[in-house]
Amino acid sequence: MSARTLRGSARASNVPETPASVLSGNALGQAAAQAPDGSALDRRQVDRRQVDKPKLDNPGLDKSGLDKPLPGFSDCEVVALLAPLGEASGIILAVSGGPDSLALLLLALRWRALVEAPPITVASVDHALRPESGAEVAAVAALCARLNVAHRGLNWEGPKPATGIHEAARAARYRLLAIAARQDGATHLVTAHHADDQAETVLLRLARGSGVGGLAAMRPTSPLAPGLILARPLLGLPKARLVALVKAMGLSAIDDPSNRDLRFARGALRGQAGAQEALGLTAARLALLARRAARAEDALEQSTNTAAARCVLKDADAAVGSRLSPDFFLEPEELRLRLLRRGIAGASADVRHLRLERLETLTEALSEARARGAPLKRTLGGAVIRLSRTGHIHMTRESPRRRGKIRKV
């Protein structure tokens, strides 16, 4: 089976961690407009000559090897894990060749053997950051050919940033995967994030001082781009089970040394795993914290919807932007923060880098001015926020000529 290569480039030096923020409809549309045929991407055969030797062992494994239950996983568990993907019209599996993604591939193909699953395509991204990366993508393509599953190789081409390389690589990876999903008519992009990844994300969010929403970390499903869902069906499984499955199936996973590089935040966390566990910061407990934070976040969002019904004023003139009534100041502080964030997003659509501390500062300033009966004007996140003497809050898009000038908040 041949592998198709998608070519694209991503230029960024400061890319947000959350992939959804870089995968807006406009970003996808701009990428798609680059190619003459409208696909945004050229296609070619992966050059198998780049492969000096196979990176994945057990060449005898083929589709027939998945006709029986997988070691360590009952068929009932496999079906339950991947059942949410049954509603997809097409699935892209992100497979790098590491142990986690290989386990995802095995589980997905066993699931396909048990149920009437949607079409599945494997996609692998060559970030071109290591000499071996091209050979590794080709090795995944060769394994997919033996397992009778379609494969696409995706290339991150163009200049790479000198700083923030992991963030830029993540953004490029999701951008290319989203474009591949759209071209294949897939509605779900599936990754192999697991409980250990979730625990690391919680610790990273704690270090940044995130609020409840940040501590909820990764969700089993979340919107990634218009018409595309990012699914993480293995989020509740420990990494050890995935590694054991891959070994039991006779596969030797690809090892990416950058995953242990102490210069990067996740690598540093992994280097301190023993000390963390000694303090009780186990992956299981941190994943539990994420689930509890997610439960609280969902409840707070419902409460914010109710508060919005009380406080948000509708205007016939859309140019007015968002307006909040004086009842805003009767709401709990957490709901005020969320209402303001929504209003700023509605006025400017630029809240990707809106830090919680700045939003808290704005909320405090508005409350103090309201207590004095004084007007106030601030700018934040590309929006102008005005408090009138009557206690009404108006949020409008900031003038382009003012962008980049000194802000009050």
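The rows are residues; the columns are (1) buried (at least 23 other Cβ atoms within 10 Å of the Cβ); (2) among the hydroxyl-bearing types (Ser, Thr, Tyr); (3) modelled with pLDDT under 95.
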position: 79; (1), (2), (3): no, no, no
position: 101; (1), (2), (3): yes, yes, no
position: 105; (1), (2), (3): yes, no, no
position: 115; (1), (2), (3): no, no, no
position: 119; (1), (2), (3): no, no, no
Does the range 200-207 contain at least one residue that is buried (at least 24 other Cβ atoms within 10 Å of the Cβ) and either out of contact with any strand residue (DSSP E or B) (no Cβ under 9 Å at 6 or more places or on another chain) or farther than 14 Å from residue 154 by Cα (or both)?
-> yes
Name the residues in the range 234-288 that are open to solvent by 50 Å² or more (accessible area, probe 1.4 Å), over 21 Å from the mean Cα position of the chain (by Cα) and at pLDDT 95 or above, would you?
-> 240, 241, 244, 247, 248
Single unsatisfied condition, residue 210 versus (1) under 28 Å from residue 293 (Cα atoms); (2) within 15 Å of the chain's Cα centre (by Cα) = (2)
In the range 342-380, how many are surrounded by 13 or more Cβ atoms within 10 Å (Cβ to Cβ) and touching a residue at least 40 places away in the same chain (Cβ under 8 Å)?
-> 12
Residues that are of a type in the set (Lys, Arg) and within 16 Å of residue 130 (Cα to Cα), drawn from the range 151-175 = 160, 170, 173
Could you count how many residues in the range 129-141 are out of contact with any strand residue (DSSP E or B) (no Cβ under 6 Å at 6 or more places or on another chain) and buried (at least 20 other Cβ atoms within 10 Å of the Cβ)?
-> 4
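Yes/no per residue for (1) part of a loop (DSSP other than H, G, I, E, B); (2) at pLDDT below 90; (3) under 18 Å from residue 250 (Cβ atoms); (4) of a type in the set (A, V, I, L, M):
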| position | (1), (2), (3), (4) |
| --- | --- |
| 125 | no, no, no, yes |
| 134 | no, no, no, no |
| 140 | no, no, yes, yes |
| 154 | no, no, no, yes |
| 163 | yes, yes, no, no |
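The values are calculated or read from the model by the stated rules, or taken from the named source; none is laboratory data. Because the structure is predicted, anything quoted here is derived from the model rather than measured. Neighbour counts run over all protein chains shown; Cβ positions are idealised from the backbone, glycine included. Ligands, DNA and RNA are excluded from the accessible area calculation, which covers all protein heavy atoms including side chains. Shrake-Rupley method; radii C 1.70, N 1.55, O 1.52, S 1.80 Å.
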